[in-house]
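Derivation of every value follows stated rules applied to the coordinates shown; laboratory data play no part. Just so you know, these numbers come straight off a predicted model, no measurement behind them. When we count neighbours, we look across all protein chains shown, and the Cβ atoms used for this are built from the backbone with ideal geometry, even at glycine.
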Amino acid sequence: MVAGRKWQFTARFRARAYGWRGSRLAISRLKEAVSEIKAVAKSDPVAGGDGAVLLMERIWPALQDIDSSSGALGTAVARTLDELIPILVEAPADHGTRSKWLDRLFEAVQDDGVQYLTPVEERWGEIARYPDLINEYADRLLEAVRLAWADRQSFQYVSGTGICLSCLLEAGRCTELAELLATRRMKFWSWHRFGAEALLRQGLWEEAIAFADSGRDGRNPSYDEISID
């Protein structure tokens, strides 16, 4: 049933489907796609999850030519993912289906030109659900992230860093997570928040608050301050 379903939104999310001025239309199409996926998920949660993956795969290829400098499109994509990720997490998919979803999403993350799928990375451990899948992705990325962060001479970005941190957290590998974050020369809250969450899950409330507060930059306040608060 999942494999044979025809989704209306796929015709509107082809590669390079939108031009430079296509932001408003693309935002409207995203809303329509979410509505379609939600409607299907009510009666068939697994099909809904598959639809969510299908749209996530198509976001960057379809939207890559749009002028996104206003920020409106990025906000719309983030809102779209906020609505779709719970559908994906909660879908009662078997191990094989969920493993294939992760394979598809991982490829989409690697191809994502502007990190639209960062919210997916940050909840990867929840999406994976099965312990062996969670640990698989943690182990796949751990050494690459460790080596990149240990380099004090240059900045190296590892695509999938959020996936690694999310999986270490959800796998309960708190010591490894803390050790990894400690190798990072500069604190980046979107990554270090996983360390604060790990401390919370261990019941270490005061340590978690102190860890979060250490991520503040009084010289250069940013939107991270709201998240830290």
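So, with +1 on the Cβ of K and R and -1 on the Cβ of D and E, and no other charges, what is the size of the charge dipole of the chain about its Cα centre, to the nearest 20 debye? Spell out each step's value before the answer.
On the way: 29 positive and 34 negative charges, 177 e Å.
Result for the chain is approximately 840 debye, rounded to the nearest 20.
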- Message: Treating only the Cβ of Lys, Arg, Asp and Glu as charged (+1, +1, -1, -1), what charge dipole size does the stretch 146-229 show about its Cα centre? Round to the nearest 20 debye.
- Response: 340
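For the chain, report the % of Cα-Cα distances exceeding 25 Å. Before the final figure, lay out each step's value.
Numbers: 11940 of 26106 pairs.
Cα-Cα pairs in the chain separated by more than 25 Å: 46 percent.
So if I place +1 on the C-beta of Lys and Arg and -1 on the C-beta of Asp and Glu, and nothing else carries charge, what would the dipole magnitude of the stretch 105-175 be about its Cα centre? I want it in debye, nearest 20. Mind showing how you got there, number by number?
Values: 6 positive and 12 negative charges, 54 e Å.
That gives the stretch 105-175 a dipole magnitude of about 260 debye.
Given a cut-off of under 8 Å on Cα pairs at least six residues apart, what relative contact order in percent is computed for the chain?
Here the relative contact order equals 15 percent.
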- Helix 95-111 versus the longest principal axis of the chain: what is the Cα-based angle in degrees, 0 to 90, to the nearest 10? 80
- Task: Find which of V46, S68, L165 sits farthest along the positive direction of the dipole of the chain, computed with +1 on the beta-carbon of Lys and Arg, -1 on that of Asp and Glu, about the Cα centre.
- Result: S68
- Note on the structure: The rounded separation in angstrom of the Cα centers of the stretch 174-215 and the stretch 26-55 is 34
- Note on the structure: Ratio for the stretch 91-227, C-alpha Rg to 2.2 N^0.38 Å, reads 1.07
- Principal semi-axes in Å for the stretch 1-127 [√(5λ), Cα gyration tensor, largest first]: 23, 16, 13
- Build a GNM of the chain with springs between Cα atoms under 10 Å: which of G22, G160, G51 gets the top mean-square fluctuation? G22
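Would you please name the chymotrypsin sites (Phe, Trp or Tyr not before Pro) within the stretch 122-229 that are DSSP coil residues with at most 11 other C-beta atoms within 10 Å of their C-beta?
Values: sites: W124, Y137, W149, F155, Y157, F188, W189, W191, F194, W205, F211, Y223; in loops: F155, Y157, F188, Y223.
In loop regions of the stretch 122-229 (DSSP not H, G, I, E or B), the sparsely surrounded chymotrypsin sites (Phe, Trp or Tyr not before Pro) are F155, Y157, Y223.
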- Query: For helix 189-201, what angle does its Cα long axis make with the longest principal axis of the chain, in degrees from 0 to 90 and rounded to 10?
  - Reply: 70
- How about K6: which lysines have a C-alpha closer than 24 Å to its C-alpha, ignoring those fewer than 8 places off in the same chain? K31, K38, K42, K100
